[in-house]
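The values are calculated or read from the model by the stated rules, or taken from the named source; none is laboratory data. If you're wondering where the values come from, they're calculated on a predicted model, not measured in any experiment. Every residue, glycine as well, gets a Cβ built from its backbone with ideal geometry; the counts of neighbours run over all protein chains shown.
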There are 4 protein chains.
Amino acid sequence: MTTTEVPAAMRAAVDAAKERVAALHAELPRWELVVWTAGNVSERVPGTDGHPDLFVIKPSGVSYDELDAEAMVVCDLDGNLVEGTRNPSSDTAAHAYVYRHMDHVNGVVHTHSTYAAAWAARGEEIPCVLTMMADEFGGPVPVGPFAIIGDDSIGRGIVETLTGHRSPAVLMQNHGPFTIGKDAKAAVKAAVLLEEVARAVHVSRQLGEPLPIPQDAIDSLYARYQNVYGQR
Amino acid sequence: MTTTEVPAAMRAAVDAAKERVAALHAELPRWELVVWTAGNVSERVPGTDGHPDLFVIKPSGVSYDELDAEAMVVCDLDGNLVEGTRNPSSDTAAHAYVYRHMDHVNGVVHTHSTYAAAWAARGEEIPCVLTMMADEFGGPVPVGPFAIIGDDSIGRGIVETLTGHRSPAVLMQNHGPFTIGKDAKAAVKAAVLLEEVARAVHVSRQLGEPLPIPQDAIDSLYARYQNVYGQR
Amino acid sequence: MTTTEVPAAMRAAVDAAKERVAALHAELPRWELVVWTAGNVSERVPGTDGHPDLFVIKPSGVSYDELDAEAMVVCDLDGNLVEGTRNPSSDTAAHAYVYRHMDHVNGVVHTHSTYAAAWAARGEEIPCVLTMMADEFGGPVPVGPFAIIGDDSIGRGIVETLTGHRSPAVLMQNHGPFTIGKDAKAAVKAAVLLEEVARAVHVSRQLGEPLPIPQDAIDSLYARYQNVYGQR
Amino acid sequence: MTTTEVPAAMRAAVDAAKERVAALHAELPRWELVVWTAGNVSERVPGTDGHPDLFVIKPSGVSYDELDAEAMVVCDLDGNLVEGTRNPSSDTAAHAYVYRHMDHVNGVVHTHSTYAAAWAARGEEIPCVLTMMADEFGGPVPVGPFAIIGDDSIGRGIVETLTGHRSPAVLMQNHGPFTIGKDAKAAVKAAVLLEEVARAVHVSRQLGEPLPIPQDAIDSLYARYQNVYGQR
């Protein structure tokens with residue numbers, strides 16, 4: 001089924017998602033996760049009244065200075081453009097694949113953040129040696145396969161790596177990180193924390209071997225953080 | 001004894017502390033000590049008229065953009081919420097433990113700053129090889145035990161490590177730094193200088209072994225800085 | 001043939017180029033590619049009505065705070081000053097040489113960005129181990145010869161290294177990067193992405209050997225990025 | 001001879017120097033050379049009408065947010081306070097010593113910038129492997145002796161190391177850099193470029209040995225930069 005315009009019943013939800021996604025894009029340069037026009041954030045808009053889900057994503061190759069809500073584009077879950085005057089991000093197919101195959105995921109972020117990319121270039125997972133990592137990722141951050149744009153191989157690599165894994169982040173080999181979340185904000189948070197732990201663990205290992213955290217402590221930290229931290 | 005609201009006699013002091021603590025939180029992202037909502041600053045408000053001490057601290061999981069004085073929360077020294085519409089920081093118990101056991105401490109700061117966390121992940125103290133370190137820390141910055149949230153073990157680790165030690169900073173293993181001070185500003189200053197010396201000594205050791213500073217020079221620098229530096 | 005003033009037929013094009021080049025200079029400190037007054041951007045203004053080409057470039061030794069359109073200077077393709085109250089950049093001869101010998105190049109950027117300079121100081125090309133590198137550079141970033149200011153040796157080194165090479169960037173040995181593009185914006189983009197990949201590949205190699213990307217994948221990524229990415 | 005107030009004949013020159021020195025202090029955090037209140041800039045005000053020279057310097061332990069012209073203090077060349085409501089920088093004696101013994105120096109800057117401090121902690125000079133270094137420093141950046149505050153040993157170490165040396169920067173062992181210049185702006189520029197080359201050469205050496213620059217090329221670059229670069 002193809003959708004050629006945003007259904008009236010979903011207009012308000014789409015517009016609200018555009019506002020959120022535009023604002024969240026500003027977090028990527030703020031936390032130095034991107035340069036130039038690299039990186040993108042998307043959020044799913046659940047279908048209502050029998051209409052299929054849509055998602056809001058960044059247009060391709062547009063400066064971070066121009067990313068207001070109006071510049072955002074809307075796609076269906078096959079990655080086709082539904083609304084917007086610009087081409088969607090060249091990573092749209094990967095985002096769409098994730099939304100089609102992971103029902104609980106409503107936000108996806110992709111960056112080339114420096115330290116995460118450095119681990120990805122070696123194809124090496126980040127070991128869980130900081131409590132901040134146990135909190136957010138529940139263990140090591142895994143590596144996904146080498147895959148290039150052009151078919152579903154990036155999306156499939158993300159989904160296969162993260163399915164059944166606690167980590168909301170995957171390091172796609174020789175490429176960079178993708179993060180997922182219950183909404184776009186959660187995926188952006190995972191992208192920010194990922195780069196921080198990628199950097200801190202890298203720096204730690206430059207002068208020796210970090211001490212491991214016992215598995216039961218990792219489990220306990222992860223459970224608490226997912227259930228207690230923040231405002232309820 | 002439990003306190004369920006801020007006593008009228010302490011209102012002005014609590015409000016002034018809220019202003020100070022809110023303003024000091026802005027120093028954490030300014031000096032790149034934190035990402036997202038990580039990190040927290042607190043300050044003790046000494047009890048008056050027989051009322052017990054309180055302390056002002058950051059709410060849990062709130063963005064640095066929203067941290068004005070009104071957002072701050074007030075706790076008693078057992079870590080119970082006394083005033084505020086949000087949950088206190090998930091590190092509140094550790095702050096409270098420090099205030100209960102270290103009478104001269106009126107400010108506590110916790111961050112996950114990158115280079116300090118990197119030393120902490122190796123469980124390795126930072127050697128005193130820079131005069132700036134001798135000035136502020138009076139010697140190496142020590143490592144505290146591995147401890148996780150859930151009981152008093154973090155607070156106890158901080159107090160046991162720093163008691164009788166010149167350093168106002170401790171690197172909690174696999175976790176990150178806590179700093180203390182005569183007020184919140186002094187603890188923030190220690191957190192800022194800690195990250196700077198953690199980075200500079202790390203960088204220095206990447207290409208060789210830094211030269212030691214003789215103990216008598218460390219003693220002399222520390223004594224001068226604590227007694228003469230700044231405005232009196 | 002010497003030109004001693006901007007021909008009336010080229011006035012509008014020169015003024016527009018001044019605006020663009022001034023604005024693009026702000027990208028250099030924004031992405032931390034330069035310190036103090038180092039670095040420069042230029043753009044060719046094609047000759048019309050039989051007048052020869054000119055180019056707009058930064059004046060020498062002027063602070064980034066003062067670089068508005070009016071401060072820009074105009075030179076002919078021999079590097080002689082045609083318009084402006086200040087001396088042109090001391091790298092003007094190198095820019096001019098590139099414009100004289102590479103007809104398809106309309107923008108040139110020179111920086112001393114840290115990680116690119118570090119590879120240049122070792123005279124070592126940056127291997128292509130990240131998809132972002134394959135996209136923009138189509139392979140490794142090559143090293144040009146050691147050459148110093150005073151004759152055409154820098155310009156010649158740039159042209160000889162980049163002719164027939166996919167990469168829009170060259171690392172001049174012991175010096176720093178020069179990038180080229182179809183306009184000044186493209187050359188600035190290459191300078192920004194160059195520093196990012198120089199940093200990420202450096203970081204990756206600090207802890208092991210990055211995995212190579214197969215040549216056919218590099219070719220495919222490069223072809224797609226040059227032809228499909230962005231807005232058409 | 002002691003001076004107890006700014007002579008009327010020097011009032012305008014002192015006030016102009018206060019403006020310049022205050023504005024130049026903003027360059028230190030801008031280029032990330034300092035944290036908290038560390039670092040200081042001074043400028044000599046030559047004596048007129050038989051009055052001895054004075055110099056303007058930063059007060060001790062004051063935040064960079066508060067450093068306007070009015071906050072600056074004035075000292076005589078013995079380091080005594082002549083004007084100002086705050087204590088002068090704790091490094092005042094070192095600045096004063098330099099002004100007493102190096103007549104051509106009219107500006108002095110001291111920072112603890114990270115990478116320069118890292119070389120200083122190893123007591124290792126920075127080799128001249130980048131053309132930017134040859135331009136500004138004319139060769140390697142030398143190391144000065146270990147010396148602590150309390151007598152003239154820091155000032156003497158600076159003067160002995162830099163006398164007869166091309167470099168306007170010295171790395172005081174286990175401490176950090178001091179830079180000198182014909183005015184305060186030149187000394188600030190040297191401090192900015194020093195940290196940049198300290199970082200780039202450090203990064204370069206992390207993955208191998210940088211290539212040396214031939215001495216005659218260093219000489220030629222230095223001569224050109226000192227005599228031709230910038231606006232005359």
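Residues in the stretch C:82-95 that are among the hydrophobic types (A, V, I, L, M, F, W, C) and closer than 26 Å to D:LEU193 by Cβ: C:ALA93, C:ALA94. Scanning the stretch C:41-68 for residues that are surrounded by fewer than 20 Cβ atoms within 10 Å (Cβ to Cβ), in contact with a helix residue (DSSP H, G or I) (Cβ under 9 Å, 6 or more places away or on another chain) and either assigned to a helix (DSSP H, G or I) or of a type in the set (Ser, Thr, Tyr) (or both) gives C:THR48, C:TYR64.
Can you say whether B:GLU27 is in contact (Cβ under 8 Å) with a residue 24 or more places away in the chain, within 14 Å of chain A (Cβ to nearest Cβ) and under 21 Å from B:GLY181 (Cα atoms), as far as the supplied structure shows?
No; evaluated as a whole, the condition is false for this residue.
A Cβ distance below 6 Å, combined with a sequence gap of six or more or placement on separate chains, defines the contacts here; from the stretch D:102-124, residues that are more than 15 Å from D:ALA186 (Cα to Cα) reach residues that are buried (at least 24 other Cβ atoms within 10 Å of the Cβ) and among the hydroxyl-bearing types (Ser, Thr, Tyr) in the pairs D:ALA118/B:SER204; D:ALA121/B:SER204; D:ARG122/B:SER204. Scanning the stretch A:38-70 for residues that are of a type in the set (S, T, N, Q) and more than 14 Å from every other protein chain (Cβ to nearest Cβ), we see that the one that is farthest from C:GLU196 (Cα to Cα) is A:THR48.
Count of the stretch C:99-111 residues, restricted to those that are within 14 Å of C:VAL170 (Cβ to Cβ), surrounded by fewer than 24 Cβ atoms within 10 Å (Cβ to Cβ) and out of contact with any Lys or Arg (no Cβ under 9 Å at 6 or more places or on another chain), is 1. Of the residues A:VAL41, A:VAL82, A:VAL109, A:VAL35, only one is modelled with pLDDT of 95 or more and either more than 26 Å from C:GLU32 (Cβ to Cβ) or of a type in the set (Asp, Glu) (or both); which? Step by step, each of A:VAL41, A:VAL82, A:VAL109, A:VAL35 is checked, and only A:VAL82 is modelled with pLDDT of 95 or more and either more than 26 Å from C:GLU32 (Cβ to Cβ) or of a type in the set (Asp, Glu) (or both). With respect to the conditions (1) away from chain A (no Cβ under 14 Å); (2) closer than 22 Å to D:TRP36 by Cα; (3) among the polar types (S, T, N, Q), B:THR161 falls short on a single one, namely (2).
The set of residues in the stretch C:187-232 that are part of a helix (DSSP H, G or I), among the small types (Gly, Ala, Ser) and more than 28 Å from C:VAL21 (Cβ to Cβ) comprises C:ALA200, C:SER204, C:ALA217, C:SER220, C:ALA223. Evaluation of D:SER90 against the conditions (1) out of contact with any Phe, Trp or Tyr (no Cβ under 7 Å at 6 or more places or on another chain); (2) surrounded by fewer than 21 Cβ atoms within 10 Å (Cβ to Cβ) shows that the sole unmet condition is (1). With respect to the conditions (1) of a type outside the set (D, E, K, R); (2) under 16 Å from D:GLU195 (Cβ atoms); (3) within 11 Å of chain B (Cβ to nearest Cβ), D:VAL109 falls short on a single one, namely (3). Can you pull out the residues in the stretch C:51-65 that are touching a strand residue (DSSP E or B) at 6+ places or on another chain (Cβ under 9 Å) and not β-branched (Val, Ile, Thr)? C:PRO52, C:ASP53, C:LEU54, C:PHE55, C:LYS58, C:PRO59, C:SER60 - these are the residues of the stretch C:51-65 that are touching a strand residue (DSSP E or B) at 6+ places or on another chain (Cβ under 9 Å) and not β-branched (Val, Ile, Thr). For C:ARG156, the conditions (1) away from chain A (no Cβ under 14 Å); (2) of a type in the set (D, E, K, R); (3) surrounded by fewer than 17 Cβ atoms within 10 Å (Cβ to Cβ) are fulfilled apart from (3).
Look at (1) over 27 Å from D:ARG44 (Cα atoms); (2) within 10 Å of chain C (Cβ to nearest Cβ) and you find that D:GLU195 fails only one, number (1).
Regarding D:ALA38, is this residue part of a helix (DSSP H, G or I) and touching a residue at least 24 places away in the same chain (Cβ under 8 Å)?
No: the conditions fail for D:ALA38.
Residues considered: D:VAL35, D:VAL73. Of these, the only one that is in contact with a Lys or Arg (Cβ under 8 Å, 6 or more places away or on another chain) and within 12 Å of chain B (Cβ to nearest Cβ) is D:VAL73.
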